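Let me begin by presenting the structure, written as structure tokens, before commenting on it.
Derivation of every value follows stated rules applied to the coordinates shown; laboratory data play no part. Note that the coordinates shown come from a computational prediction; the quantities given were computed from them, not determined experimentally. Cβ coordinates were reconstructed from backbone atoms using ideal geometry, including for glycine residues, and neighbour counts include every protein chain displayed.
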């Protein structure tokens, strides 16, 4: 399936410096992620980096027990700080950044509005982790009627079996699942 560049956005999901501190083995996907983004630049796809970003003091995170409490306690992912920055292999200063305060890429932000205002119909994405942001984003994007492509070898999950089951058995119900090389070959002129 050839994607029309003007109607396609590539989303990098949580490819942030602070994420690598929590999931060090995730750096194994950086070469594939970088290759995918460079191809998207050549094809003139819209590139949007979606990641965690909080205000100073983390008012978006409750003081009660939550999966994000550790981020607040360690003052991580404050917008403008190193942990919230996107990996230099994928991000450029001129790229569009959308911050979120929960797991999925569409959580508590304007991502859907931005995509619709640009007449985006197709989403190509990958991220850390497969069972977190990638799964949550795919579910919501499919519900919003986007055509989705997940680049499985640019996704990482600390549990290899979970990654395999998601990319081989679950994701194909709502997305085309490809390797970066297969996607590039499919989209080549």
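Please state which one of 76, 123 is in contact with a helix residue (DSSP H, G or I) (Cβ under 9 Å, 6 or more places away or on another chain) and part of a strand (DSSP E or B).
123
Output the residue which, of all residues in the range 147-178 that are touching a residue at least 40 places away in the same chain (Cβ under 8 Å) and part of a loop (DSSP other than H, G, I, E, B), is nearest to residue 112 (Cα to Cα).
Looking at the filtered set, the residue picked out is 155.
Which one is farthest from the chain's Cα centre (by Cα), of the residues in the range 46-71 that are within 30 Å of residue 8 (Cα to Cα) and not in a loop (DSSP other than H, G, I, E, B)?
The residue in question is 54.
Residues that are free of Cβ contacts under 8 Å to residues at least 40 places away in the same chain, surrounded by fewer than 24 Cβ atoms within 10 Å (Cβ to Cβ), in contact with a helix residue (DSSP H, G or I) (Cβ under 6 Å, 6 or more places away or on another chain) and over 16 Å from residue 47 (Cα atoms): does the range 105-114 have at least one?
Checking the range 105-114: not a single residue is free of Cβ contacts under 8 Å to residues at least 40 places away in the same chain, surrounded by fewer than 24 Cβ atoms within 10 Å (Cβ to Cβ), in contact with a helix residue (DSSP H, G or I) (Cβ under 6 Å, 6 or more places away or on another chain) and over 16 Å from residue 47 (Cα atoms).
Hey, any hits in the range 15-22 for a residue that's surrounded by fewer than 20 Cβ atoms within 10 Å (Cβ to Cβ), without any contact (Cβ under 8 Å) to a residue 60 or more places away in the chain and not in a loop (DSSP other than H, G, I, E, B)?
yes
Give me the pairs, please: first residue somewhere in the range 115-132 and at negative phi and without any contact (Cβ under 8 Å) to a residue 40 or more places away in the chain, second residue anywhere and buried (at least 21 other Cβ atoms within 10 Å of the Cβ) and assigned to a helix (DSSP H, G or I), beta-carbon distance under 7 Å, and either six or more positions apart or on two chains.
Note: pairs meeting the criteria are 130/166; 130/167; 131/166.
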